[in-house]
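Encoded as structure tokens, the structure appears first; notes follow it.
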Amino acid sequence: MSTRTAAWTVGRVAAMAGVSVRTLHHYDAVGLLSPTGRSHAGYREYSDGDLARLHQILLYRELGFPLDEITTLVGERGASAAGHLRRQHELLESRIYRLQTMVSAIERMLEAERMDTKLTPEEQFEVFGDFNPDEHEAEAQEKWGDTDAYKESARRTASYSKADWLAIKEEAAAVNSQFNEAMTSGVAASDAAAMDVAEAHRQHISRWFYTCTTDIHRGLAEMYIADPRFEANYEKLAPGLAHYVHDAVLANAARVDAG
């Protein structure tokens with residue numbers, strides 16, 4: 001019993017391959033892909049073998065080969081379908097590597113652009129007042145430069161605009177005002193109201209700088225009372241506020257950890 005391979009019209013092949021009928025006619029005209037059959041009415045008919053050749057042609061075209069080179073490649077004597085696929089796989093791997101290298105280079109350039117986003121001296125004064133963050137950068141990098149939190153903060157803040165910094169300043173001032181109000185109203189640092197403010201403080205840090213875990217928050221609280229510079233920032237708002245913030249943060253961290 002004889003078998004007959006499928007016969008595909010030029011329109012059907014064009015639709016399946018995602019090319020135009022005109023392209024297939026051109027491939028036929030230049031001898032790159034000529035259909036092996038004709039219908040009774042004289043129309044071109046493509047066999048399964050023709051479709052396999054078209055697949056190879058389109059892959060080489062996607063890889064950037066000109067048609068004359070593709071003609072030579074697919075016409076090589078003894079070249080099997082597996083051989084073509086291995087060659088195309090190697091070429092694609094090479095292209096992927098080049099593209100990945102280009103992407104990495106562009107990402108480094110973008111990061112450099114982001115790191116160059118600096119506030120002008122006038123904008124720095126408007127945002128930070130007499131405090132100059134650049135003076136503390138070397139110390140911060142020495143202490144925490146290898147930590148994920150520092151790297152995340154440096155990456156995020158590098159792209160912040162003046163408007164971003166003003167929003168951060170306003171939000172931080174609001175949190176400090178709530179701490180001060182709770183303390184002066186006689187609310188205990190371990191009270192739920194004070195702990196809620198401490199949680200708002202933790203979320204403020206996570207939102208703008210880095211993921212502030214309860215352990216990190218505890219460490220910050222200890223620094224607020226151990227480092228005279230940080231303690232002074234709170235004490236100038238109200239005497240005893242640094243220790244109040246410290247105690248509220250520790251109470252809230254225990255509450256959060258307890259679930």
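For the stretch 212-228, the criterion of being open to solvent by less than 40 Å² (accessible area, probe 1.4 Å) and in contact with a His (Cβ under 6 Å, 6 or more places away or on another chain) is met by at least one residue.
Of the helices (runs of 4 or more DSSP H) lying entirely inside the stretch 11-89, those containing at least 3 residues that are at pLDDT below 90 span 48-62, 67-74. Scanning the stretch 149-174 for residues that are surrounded by 15 or more Cβ atoms within 10 Å (Cβ to Cβ) and either polar (S, T, N, Q) or touching a strand residue (DSSP E or B) at 6+ places or on another chain (Cβ under 6 Å) (or both) yields a count of 2. A single entry from Y97, Y150 fulfils the requirement of being modelled with pLDDT under 75, of a type in the set (S, T, Y) and in contact with a helix residue (DSSP H, G or I) (Cβ under 9 Å, 6 or more places away or on another chain): Y150. Looking at the structure I just gave you, is S177 under 17 Å from L250 (Cα atoms), surrounded by fewer than 16 Cβ atoms within 10 Å (Cβ to Cβ), more than 30 Å from the chain's Cα centre (by Cα) and hydroxyl-bearing (S, T, Y)? For S177, the condition - under 17 Å from L250 (Cα atoms), surrounded by fewer than 16 Cβ atoms within 10 Å (Cβ to Cβ), more than 30 Å from the chain's Cα centre (by Cα) and hydroxyl-bearing (S, T, Y) - is not met. Restricting the first member to the stretch 203-220 and to residues that are within 23 Å of H243 (Cα to Cα), and the second to residues that are of a type outside the set (D, E) and not in a helix (DSSP H, G or I), the beta-carbon pairs closer than 6 Å and six or more apart or on different chains are I205/C212; S206/C212.
Within the stretch 226-259, the residues that satisfy the criterion of being of a type in the set (A, V, I, L, M, F, W, C) and at pLDDT 90 or above are A238, L241, A242, V245, A248, V249, L250, A251, A253, A254, V256, A258. Restricting the search to the stretch 7-54, which residues are touching a residue at least 24 places away in the same chain (Cβ under 8 Å), within 17 Å of T71 (Cβ to Cβ) and either small (G, A, S) or open to solvent by 70 Å² or more (accessible area, probe 1.4 Å) (or both)? Scanning the stretch 7-54 gives V30, G31, G49, A52.
The values are calculated or read from the model by the stated rules, or taken from the named source; none is laboratory data. It should be emphasised that the depicted structure is a prediction, and the values quoted were computed from it without experimental measurement. Using ideal geometry, Cβ is built from the backbone for each residue, glycine included, and neighbour counts are taken over all protein chains shown. Surface accessibility is based on the protein's heavy atoms, side chains included, excluding ligands, DNA and RNA. Shrake-Rupley method; radii C 1.70, N 1.55, O 1.52, S 1.80 Å.
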